[in-house]
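These notes concern the structure reproduced below.
Read the figures in this text as sums done on the coordinates, not as results from a lab. Since we're looking at a predicted model, the values are computed, not measured. Neighbour counts run over all protein chains shown; Cβ positions are idealised from the backbone, glycine included.
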Amino acid sequence: MAHIDMRQFICRSDNFGLLIHDHVSGATAAIDAPDANAIESELRKFGRQLTHIFVTHHHADHVEGILQLKELFGCKVIGPKAEAGKIPGLDIAMGGGEKFTWAKRQVEVWDCPGHTAGHIAFHIPDELSVFAGDTLFSVGCGRVIEGTMEQMWQSVNQFKKLPAHTYLYCGHEYTMANCRFALTLDPDNWRLQARMNEVEKLRAEDKMTCPVTMGDEFKTNPYLRLDDLAIRNTLGMAEATDLQVFTEIRTRKNNFK
Ligand SMILES: [Zn+2]
């Protein structure tokens with residue numbers, strides 16, 4: 001399938017705005033709506049009409065632009081069933097395991113509880129793209145706010161089944177801080193060192209560090225590498241369960257300065 005056009009930009013302070021556009025049908029979807037004005041100006045730049053918003057979770061920095069964009073474009077809002085009451089302007093509520101068709105492509109919805117109780121992710125296999133919201137970040141994962149560590153661990157685990165050439169799109173530009181933290185657990189991982197160098201260079205030039213392939217994440221993201229012996233030895237947790245290692249890493253990150 002001819003690839004869709006992805007336009008990503010940073011808005012607010014560190015949110016990714018993302019527009020996906022299909023040349024054939026003219027459909028354009030925003031992944032979340034962090035900032036209506038920033039999204040509108042990006043659309044105007046390319047003369048596009050917003051037809052859909054795919055919402056990952058109810059946090060203000062992901063939904064605040066919805067009503068203004070709906071007013072401007074009359075777009076359809078698709079979001080998490082389990083947070084339906086918290087998503088302004090929601091038209092179609094979807095839950096894990098459900099699928100829908102957008103611009104002739106199948107979109108799979110995954111339940112990803114943990115960061116919020118009803119967080120969902122969107123996967124478009126035909127475009128080799130997954131939209132993870134605040135569940136999985138490059139070299140990191142979201143803070144566990146409404147769910148349990150076990151739920152978040154399972155939510156993150158789902159991404160391990162993706163083909164390595166799938167592109168990960170996420171909700172925030174947090175990669176630099178995530179790399180700094182990951183290096184405390186996995187200091188001898190040369191791929192992580194290389195990612196850190198790349199990220200420093202990109203950020204110094206004000207460029208974005210995402211999307212990134214899942215293959216790169218499998219080699220650098222500590223939450224996808226719970227069985228790695230070097231990481232386990234650093235933590236003194238060689239014999240622990242994956243969930244125990246996940247919980248220790250996520251807890252350390254909460255306290256990392
Ligand atoms: Zn959030």
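Structure above, values below:
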| item | result |
| --- | --- |
| Subset of Lys76/Lys104; Lys45/Lys86; Lys81/Lys207; Lys45/Lys76; Lys160/Lys207 violating a 23 Å alpha-carbon distance limit | Lys45/Lys86; Lys81/Lys207; Lys160/Lys207 |
| Spatially proximal lysines relative to Lys161 (Cα-Cα < 20 Å; intrachain offsets below 8 disregarded) | Lys99, Lys219 |
| Per-residue Cβ neighbour rank within 10 angstrom, fewest leading, Met237, Met196 | Met237, Met196 |
| Gaussian network model of the chain, Cα within-10 Å springs - most flexible of Arg105, Arg195, Arg44 | Arg44 |
| Cleavage-rule hits, GluC sites (Glu not before Pro), the range 164-219, DSSP coil, Cβ neighbours within 10 Å at most 12 | Glu205 |
| Helix-only [θ]222 nm of the chain, DSSP H runs n ≥ 4, -39500 (n - 2.57) each, per residue, nearest 500 | -9500 deg cm²/dmol |
| Cα extents of the chain along the three principal axes, largest first (Å) | 54, 38, 35 |
| Sequence of Thr220, Thr234 once ranked by neighbouring C-beta atoms within 10 Å, starting from the fewest | Thr234, Thr220 |
| Relative exposure of Cys179, Cys210, judged by other C-beta atoms within 10 Å (fewest first) | Cys210, Cys179 |
| Order by protection proxy (mean Cβ within 10 Å, highest first), peptides 28-41, 63-76, 181-194 | 28-41, 63-76, 181-194 |
| Local net charge near Val144, Cβ-Cβ under 11 Å (Lys/Arg +1, Asp/Glu -1) | 0 |
| Cα gyration tensor shape of the range 104-184, rounded if a/c is under 1.5, else prolate or oblate by comparing a/b with b/c | oblate |
